Every structure is written in C-alpha cells, then in structure tokens.
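The values are calculated or read from the model by the stated rules, or taken from the named source; none is laboratory data. The model shown is predicted, which means the values in this text are computed figures rather than measured ones. In this analysis, Cβ positions are derived from the backbone assuming ideal geometry, glycine residues included, and neighbour counts consider all displayed protein chains. With ligands, DNA and RNA removed, areas are computed over all heavy atoms of the protein, side chains included. Shrake-Rupley method; radii C 1.70, N 1.55, O 1.52, S 1.80 Å.
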Amino acid sequence: MAISAQMPATTHAITVLEGGARIKAALDKAIAESRTEVLTVQPGGGRSEHLLSEALERSRPLIERGISMRTLYQHTVRYSQNTFAYMDKMAGARVEIRTLEELIERLIICDHAVAFIPAEAGDSMALELRHPGLVQYLINVFDHMWRRATPLQEDVPYESTPEGITGVQRSIAKLLIEGHVDEAIARRLGMNVRTCRAHIAKIAAALGSGSRAQLGYLIAQSGMLEQDS
C-alpha cells in the first residue's frame, strides 16, 4: 500500500556559520532585528574587561530600544569584579543576570525567531537555527535553567559542612566521586584547573585524606553530599 506524506517546505532552518567574522555578522544582524527579548547562556568563569566592554557595546542598541535581556552565567562570575562593574553600567536597563553552578554550552536566542549554538569546540563554527520548533525547545531549556538560577544580587544558597567544606567544594566532591578528572571538573564549574585543585586539596585536608583513592572513600563516608539530596 502506498503511503503519501506531505513534505514540509524547504527553509533555512539550520545554517552552518564558519569563521568568527561570519558568526559575528549573523549575531549582529539577529540582534539588530530583535524586538522583544534576547536570552543568552554564557558558561565559564569571569570575563575580562575587554570582553565585557564588547558585550556592553553589543547590548547598547538593545538597551536604547527597551528590549529586555536575560543572561545566565556560572556561579564563578560572582568572584569577578568586572562582572559587577558591567552590571553597574547596565543600571536602569531591562537586564537580568542569574547564575547556576553548571550550564549547557553557549546559547543566544533573539526573540522567538533565531537561536545560535556552537557547532564544535572553540569559536570557529556555530549553527544558526530558525526552525520554530527548535527555537522554542531551546527557549524551554533556557527557562528551565532560569527558574533554578539565583539572581546575581542575591547570595547563592550554599551551606558549609561541619568540617568547613564549602558549597563549591561539595560540588567538586560530588564530581570527584563520579570519576571526573580535575580538568573536566574545572570546565564544568567554570573555574581554572589551579583553583579546582586548590579546592580539592582543602577537601582532602578537611577529611584527613592522604591519597586521591582514599579521598573518594572519605567523601562517600562523610555524608557531606547528603545535603544535596
């Protein structure tokens, strides 16, 4: 029996953007055409003054048109004075920043029309998505993270353990016993490897661990991760 199916009309639903210049041009065009809201996910730690200045220049036309912006960073930006200086410069604009411990890869959504995601590691290739279903799916992902995130002006609801292990260190401990190496932990939590290893050393000292293998056992036995249940 023959089955007929109506194929959807061909559209530029997914466009591969190669090279920094082409990616920037596509982003600039989408932002210039925005009329309601721009959503961004920016994983990693604190940004340099140069990068935040570029972000401010890119955002200025949006601010002038009264378009709202919501941005998700990782908790580690809270240790960056540049981030708070950036917020001061955005004062009065319709800009909200929240933070989470872990984020997905970089994401930019302009209105409900277009989204940009990385196509590979690094900044040399991106995908421009214009299929309404794909864009809406990514908006839903963003909103799910947004509801769980903490406004930048508020304290992250971390509690230290009786051993003096901080919330960040508990997060590192959780990833340690899941088998992640230092570099992967640092990347997921948006910090450099040296900082990550310093935290691991403090966890080991607090629990009296003499080796990496023993540290995993002591973390599991300490009950410190039960606070996250």
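Counting only protein chains, not ligands or nucleic acids, how are 38, 193 ordered by accessible area (probe 1.4 Å), most first?
Output order, biggest surface exposure first: 193, 38.
Leaving out ligands and nucleic acids, note down the accessible area per residue over segment 118-207 with a 1.4 angstrom probe, in whole Å².
56 Å²
Can you check what the net charge comes to around residue 130, using other residues whose Cβ is under 14 Å from the Cβ of residue 130 (Lys, Arg +1; Asp, Glu -1)?
Around residue 130, the surrounding residues sum to -2.
What number do you get for segment 170-229 when its Cα radius of gyration is normalised by 2.2 N^0.38 Å, N = residues?
1.03
So which GluC sites (Glu not before Pro) in segment 108-183 end up in coil per DSSP with only 16 or fewer other C-beta atoms within 10 Å?
Answer in residue order: 120, 154, 159, 163, 178.
With an 8 Å cut-off on Cα pairs and a minimum separation of 6 or more residues, tell me the relative contact order of segment 108-217 in percent.
Reported as a whole number, the value is 15 percent.
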